[in-house]
1. Pull out all pairs, ordered by first then second residue, where Cβ-Cβ is under 9 Å, the residues are six or more apart or on different chains, the first lies in the range 1-20 and is modelled with pLDDT of 95 or more, and the second is part of a loop (DSSP other than H, G, I, E, B) and basic (Lys, Arg).
2. Being at pLDDT 90 or above, surrounded by 15 or more Cβ atoms within 10 Å (Cβ to Cβ), of a type outside the set (Ser, Thr, Tyr) and in a helix (DSSP H, G or I) narrows it down to one residue among Ile197, Ile114, Ile183; which is it?
3. Residue by residue through the range 1-39, note down the ones that are over 19 Å from the mean Cα position of the chain (by Cα) and farther than 25 Å from Lys108 by Cβ.
4. Among the residues of the range 165-179, write down those that are surrounded by 20 or more Cβ atoms within 10 Å (Cβ to Cβ) and either touching a residue at least 60 places away in the same chain (Cβ under 8 Å) or closer than 11 Å to Ile19 by Cβ (or both).
Amino acid sequence: MKKNDLPKKVAVFPLSNFIIFPQTTVPLNIFEPRYIDMINDSMETNKLIGIIQPRNNQNENYINPELHNVGCLGKITNFKKTNDGRYIIELKGIIRFKIENEFSTNKKYREFEISFDNYFEDLTNKKEDLEFSDLELIFKDIKSLFEKKGFIINWQALKEQSLNEIINALAMASPFTLEEKQILLEAQNLKIRKTKISEILTTYSYDSYNNTTIQ
């Protein structure tokens with residue numbers, strides 16, 4: 001997608017403890033009526049929606065939770081309607097955005113004015129100055145964390161992807177907190193995101209060590 005094709009307004013899907021990065025694709029199961037409406041409207045226009053996390057201090061049943069400032073614009077690349085009325089879609093991350101203002105609307109879902117000013121590099125295929133060896137320690141530590149949390153990852157298949165895809169996939173699938181995932185989303189580039197993952201894993205390793213010694 002080109003810079004001039006980016007929307008100034010986007011429908012936003014708030015998802016707790018979930019992030020999507022540019023150049024990654026995720027499946028979504030859409031079943032709430034307001035988000036069914038959102039997908040219908042999106043499919044009739046530009047097939048774009050925004051994914052963003054609510055802030056952690058919100059009641060899950062609250063209709064309009066306070067949102068984080070930064071999310072990711074996604075494009076619907078696959079769409080299927082199930083027999084029970086749900087939508088199964090695939091969403092490809094395009095570019096991160098910052099929320100500017102919320103529009104007043106009669107629609108059931110929320111729409112925002114957004115800015116892409118800080119994230120235009122997401123649209124390029126810039127090659128990051130990273131080697132696979134840079135990820136070896138991350139693989140070791142995060143694999144241990146995933147196993148402790150009961151997460152199953154096809155590590156061999158993951159290693160065959162690009163460094164960008166690997167780091168973003170680990171960030172998306174990780175058992176990190178909402179705030180930790182938000183930090184990873186807002187990291188300006190891949191190198192910083194790799195460093196942030198290492199820092200978060202160090203905290204988890206430290207906590208695990210302390211728990212073990214106390215018990």
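1. Short answer, once both residue conditions are applied: Ala11/Lys107.
2. Numbers: Ile197 fails: at pLDDT 90 or above; Ile114 fails: in a helix (DSSP H, G or I).
Testing whether each residue is at pLDDT 90 or above, surrounded by 15 or more Cβ atoms within 10 Å (Cβ to Cβ), of a type outside the set (Ser, Thr, Tyr) and in a helix (DSSP H, G or I) leaves just Ile183.
3. Across the range 1-39, the qualifying residues are Lys2, Lys3, Asn4, Asp5.
4. Going residue by residue through the range 165-179, those that are surrounded by 20 or more Cβ atoms within 10 Å (Cβ to Cβ) are 166-168, 170-171, 174, 176.
Of everything in the range 165-179, those that are surrounded by 20 or more Cβ atoms within 10 Å (Cβ to Cβ) and either touching a residue at least 60 places away in the same chain (Cβ under 8 Å) or closer than 11 Å to Ile19 by Cβ (or both) turn out to be Asn168, Ala171, Ser174, Phe176.
A quick yes/no check of all residues on (1) in a loop (DSSP other than H, G, I, E, B); (2) surrounded by 15 or more Cβ atoms within 10 Å (Cβ to Cβ):
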residue: Ala11; (1), (2): no, yes
residue: Phe21; (1), (2): yes, yes
residue: Met38; (1), (2): no, yes
residue: Asn56; (1), (2): yes, no
residue: Lys80; (1), (2): no, no
residue: Phe97; (1), (2): no, yes
residue: Asn101; (1), (2): no, no
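The values are calculated or read from the model by the stated rules, or taken from the named source; none is laboratory data. The shown structure was predicted, so the numbers you read here are calculated from the model rather than taken from an experiment. Note: ideal-geometry Cβ built from the backbone for every residue, glycine included; neighbour counts use all protein chains shown.
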